[in-house]
Structures are given as C-alpha cells and as structure tokens.
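Colleague: Dumping the structure here so I can ask a few things about it.
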Amino acid sequence: MTDISFIVQSAIPWVLYIFTILGAIICLMQKDSLRMAVLTSITGFAIAAIYQVLLAPDVALTQAVVGAAIVPTLVALAILKTREEPVSKEDGDS
C-alpha cells in the first residue's frame, strides 16, 4: 500500500510540471493578445499548485492571487484599453 502512495506523491508534481509547460506553450501559440492574457492564468494557477505540493502554502497563495488573477486581469484591461477600433471604408478618408 505504501508503494502506491509513493508513486502518487511522486507523480503529482510531474503532472503539474507538464501542465504548466503545456499551458505556457498554448499561451504562446495564441495570436490574439487578449486570449493570451487570459490563458496566462492557467500557468499561474499551475505554478501555485506546484508551490502547494512542495509545501510552501504562503508562496502558493501569493502566486494564486498575483499570477493567476491580478496579472492576467491587468494585462487584459490594458489590451482592451489600447485596442484601436477598425476603420471602415465609409468612415476613413479616401
């Protein structure tokens, strides 16, 4: 019985590492900046879970709040505020 718990305990960090790397790769493959900003929260949440598994709950809580919530929200708001409206042929000067 202890062999199974050891396997599970050693497999969980590796699953989280792979999830973090895949989340970062998916984020980098996006062409839309807003979608990329939202997908950074996946990586931030996975890193927070890694810290929790490594028995650093204070760092995990900080990472969850900052990396998975605040940073993606601020980046998404900055992108929304700086996006230009498309100019149609009727509105533009010809």
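Colleague: For the chain, would you read off the P(r) tail past 23 Å as a percentage of all alpha carbon pairs? Before the final figure, lay out each step's value.
Modeller: Values: 1888 of 4371 pairs.
Roughly 43 percent, once rounded to a whole number.
Colleague: Moving to a separate point now. Points 7 angstrom from Cα along the Cβ direction at Val65 and Ile12: gap in nanometres?
Modeller: Reported label-point gap for Val65 and Ile12 is 2.3 nm.
Laboratory data are not the source of any read-out in this text; all were calculated from the coordinates shown. All figures in this text were calculated on a predicted structure; none of them were measured in a lab. Cβ coordinates were reconstructed from backbone atoms using ideal geometry, including for glycine residues, and neighbour counts include every protein chain displayed.
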